[in-house]
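Okay, structure first, notes after.
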Amino acid sequence: MSTVQGRLRIAVQKSGRLSERSLDLVRDAGLRVVKGNNDLLYRVENYPIDLLRVRDDDIPTFVADGVCDLGIVGENVLEEVRNGGPTAEVLMPLGFGRCTLKIAIPPTLAYDGPASLDGLRIATSYPKILRRWLDERNIAADIVTMRGAVEVAPRLKLASAICDLVSTGATLEANGLAPKETVLDSQAVLIKSPVAPEAGLQHLLDSIIERMAGVVSSQGAKYVMLNAPRSALAAITAILPGAGAPTVMPLAGRDDAVAVHAVCQEAVFWETLERLKAAGASAILVLPIEKMM
Ligand code: ATP
Ligand code: ZN
């Protein structure tokens with residue numbers, strides 16, 4: 001049973017790249033978060049739930065140990081702290097906090113594939129993930145573990161290559177480093193404790209997870225309505241991005257045309273609308289979806 005009686009706990013990053021989007025997700029799932037005078041703990045006023053605000057590195061352990069029932073953390077952190085003990089279950093990717101763990105080198109270093117790393121010193125904040133990647137390729141490289149500022153290691157002659165998180169690549173470029181290998185693609189994920197909550201809270205936990213899944217799947221999803229000639233129905237449905245079976249309805253007084261309504265799970269671009277129009281669609285409307293379950 002989890003450690004706090006009568007309340008669920010969700011672990012989120014206190015301050016950093018994931019904090020804002022994590023809070024957004026919690027709020028979009030219908031939880032009214034109130035900031036108390038305790039900086040570590042935010043209360044949810046409409047449910048018996050607290051948000052535990054901690055360093056992202058602590059989140060996997062808190063969730064694995066049952067100190068928190070749910071957590072929001074990057075896959076990179078989850079992978080790095082993974083040990084032999086009980087682990088948190090990954091429920092779903094959340095679509096934000098995307099980044100890539102990459103090996104990068106200065107241009108002066110000759111590079112001809114992963115084997116070129118053999119015998120080098122590589123600086124990283126992710127020694128376990130990097131070690132596994134190197135071992136899988138039979139590369140014997142030294143790993144220098146740094147907590148931060150990994151990108152300056154080559155300039156300081158601490159290492160000849162680095163393995164660091166990259167999103168736009170601007171930091172690498174600013175430090176004169178070129179990305180060479182992708183070690184891990186990462187994004188924020190929702191994780192759940194292997195420790196069940198007390199019986200009275202199980203239903204609430206399930207419902208919060210379901211709502212979060214709804215929030216995530218409605219992100220970027222659009223509701224598309226259009227009119228189509230019956231003869232072009234198949235062609236038009238094929239163009240709608242990520243739509244399942246659309247709803248097809250008759251149009252009053254028109255035997256040759258129908259109305260088509262569809263939930264598109266992928267982005268609907270202007271190009272898509274132009275293709276729909278070229279295929280015979282008219283009166284095309286694209287609407288945002290607020291909630292989906
Ligand atoms: P904390 O104080 O919580 O330990 P931190 O400094 O480890 O914070 P942040 O820099 O806030 O962490 O990054 C949190 C997470 O955001 C990363 O672990 C990663 O999953 C994700 N992320 C997305 N883009 C990037 C990026 N360009 N660089 C680093 N992390 C990124
Ligand atoms: Zn951290």
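The values are calculated or read from the model by the stated rules, or taken from the named source; none is laboratory data. Treat the numbers as computed from the prediction; the structure is a model and nothing was measured. Every residue, glycine as well, gets a Cβ built from its backbone with ideal geometry; the counts of neighbours run over all protein chains shown.
Assess whether A243 counts as being at pLDDT below 95 and assigned by TED's automatic domain parsing to the domain that holds L91. For A243, the condition - at pLDDT below 95 and assigned by TED's automatic domain parsing to the domain that holds L91 - is not met.
Residue check: is L23 in contact with a Leu (Cβ under 9 Å, 6 or more places away or on another chain), assigned by TED's automatic domain parsing to the domain that holds I209, farther than 30 Å from W133 by Cα and not in a strand (DSSP E or B)?
yes
For the residues I162, I209, I143, the requirement of being among the hydrophobic types (A, V, I, L, M, F, W, C) and under 30 Å from V268 (Cβ atoms) singles out I209.
Please enumerate the residues belonging to the range 36-57 that are more than 16 Å from L205 (Cα to Cα), in a strand (DSSP E or B) and either away from ligand 2 (no atom under 16 Å from the Cβ) or among the aliphatic types (A, V, I, L, M) (or both). Listed by number, the residues that qualify are L41, Y42, V54. Consider the range 177-190 and keep the residues that are in a strand (DSSP E or B) and away from ligand 1 (no atom under 13 Å from the Cβ). The one that is farthest from Y111 (Cα to Cα) is L190. Restricting to the range 241-256, give me the number of residues that are out of contact with any His (no Cβ under 9 Å at 6 or more places or on another chain), part of a loop (DSSP other than H, G, I, E, B) and under 13 Å from N227 (Cβ atoms). Going through the range 241-256 one residue at a time, the tally reaches 2.
Restricting R132, R155, R147 to those that are part of a loop (DSSP other than H, G, I, E, B), under 24 Å from E75 (Cβ atoms) and among the basic types (K, R) reduces the list to R147.
Looking only at residues in the range 60-96 that are among the aliphatic types (A, V, I, L, M) and in a strand (DSSP E or B), the one that is surrounded by the most Cβ atoms within 10 Å (Cβ to Cβ) is V73.
Checked against the criteria, Y42 counts as aromatic (F, W, Y), surrounded by 15 or more Cβ atoms within 10 Å (Cβ to Cβ) and not assigned by TED's automatic domain parsing to the domain that holds D164. The residue that is farthest from ligand 1 (Cβ to nearest atom), counting only those in the range 158-169 that are buried (at least 18 other Cβ atoms within 10 Å of the Cβ) and in a loop (DSSP other than H, G, I, E, B), is S160. Return yes when G214 is in contact with an Asp or Glu (Cβ under 6 Å, 6 or more places away or on another chain) and either small (G, A, S) or closer than 30 Å to L91 by Cα (or both) and no when it is not. Criteria not met by G214. From the list L8, L70, L25, the lone residue that is within 17 Å of the chain's Cα centre (by Cα), more than 16 Å from ligand 1 (Cβ to nearest atom) and in contact (Cβ under 8 Å) with a residue 24 or more places away in the chain is L70.
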